[in-house]
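Here's the structure we're looking at; comments come further down.
The values are calculated or read from the model by the stated rules, or taken from the named source; none is laboratory data. Just so it is clear, the model here is predicted, and its values are computed rather than measured. Cβ coordinates were reconstructed from backbone atoms using ideal geometry, including for glycine residues, and neighbour counts include every protein chain displayed. All accessible areas refer to the heavy atoms of the entire protein, side chains included, with ligands and DNA or RNA removed. Shrake-Rupley method; radii C 1.70, N 1.55, O 1.52, S 1.80 Å.
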Amino acid sequence: MATATEDKDNSEPDMVYTKELRAATKDVHKLSDVLVNAKFAFALSDDSVWADGLLSFYEIYKFLENNLNEDLLPKELHRTKEFEKDFHYFLGEDWRDTYEIRPAVQKYLEHLEEVNKKSKILLFAYAYQMYMALMSGGQLLQKKRMMARKLWPNKQENIQEQIESEKPTNPDDLTTRPMPLQVPICPDGCAATYFPEKISDLKAKLRTILSKHYGNFDEKTKTDFIEESRNVFIYNSDVVRSVKGVNRANMRKLAIVVMFFVSIYFAIKLVRQ
């Protein structure tokens, strides 16, 4: 008779490879997270910054969806149409008329082309990280944005509590990390991060694909797969740096905060006189 521990191990065989891959990318992942948090400290509620952030990664998701079959990238994960729906909302139906691929994205695409010529499974390394990011950090960023923009009717008071509850107590232990609560509604401009299917099921599908292949890698393929998994965060960081309007939005938000505290200071001073 199997023990409870054995049952858990049998129900989550993919976590072995997930944890191994996460450990191998931990340092570059952390640096990428620090960059995103610093870059978007006050700018998430700015529609132009959010739209440009989506625009900067649009080509990457489109490339993956155009070059990986459903065995490696299930159709229900595809985001190209959802990105374009958001662009129509933020930038208008003629958004393509002025759209140009920025240098950081072009460099990224050229690398993806090289990887694609070598191996589809190495290209999957990018899909795994990019879609996991959209279903984890993407949900958290969207919730913060919705809170700032008051886009979550009747739930506003609970969002910050949810965000706090989703902070991992031990980021290195995937089995105890809280699952970011799925964004359950899709107001205008939120399509790219909205999944009608359960995110836990979609993540399980990706992990199953990873487990199926990763466990059969020879040492060279495993080394190459880990290298490309690390490259995801390096190239992503370059793209994040290219997002426009962040400094302007951050300075505007900072000015509002400063004015708020200045007004409190003078109000207190007047009361004491």
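Miscellaneous remarks
- Segment 62-78 residues that are over 15 Å from M132 (Cα atoms) and among the aliphatic types (A, V, I, L, M), paired with ones that are at pLDDT 95 or above and open to solvent by less than 20 Å² (accessible area, probe 1.4 Å) (beta carbon under 8 Å, 6 or more apart): L68/L123; L68/F124; L68/A127
- In segment 82-97, the residues that are without any contact (Cβ under 8 Å) to a residue 40 or more places away in the chain and either open to solvent by 40 Å² or more (accessible area, probe 1.4 Å) or not small (G, A, S) (or both): E84, F87, H88, E93, D94, W95, R96, D97
- Taking each residue of segment 204-217 that is over 17 Å from M130 (Cβ atoms) and looking for partners that are of a type in the set (D, E, K, R) and in a helix (DSSP H, G or I) with beta-carbon atoms closer than 7 Å, six or more apart or interchain, yields nothing.
- Counting only helices (runs of 4 or more DSSP H) that sit wholly inside segment 71-155, those with at least 1 residues that are small (G, A, S) and modelled with pLDDT under 95 are 120-135, 137-149.
- A single member of F261, F195 is at pLDDT below 90 and among the aromatic types (F, W, Y), and it is F261.
- Within segment 47-67, the set of residues being modelled with pLDDT under 90 and of a type in the set (D, E, K, R) comprises D47 only.
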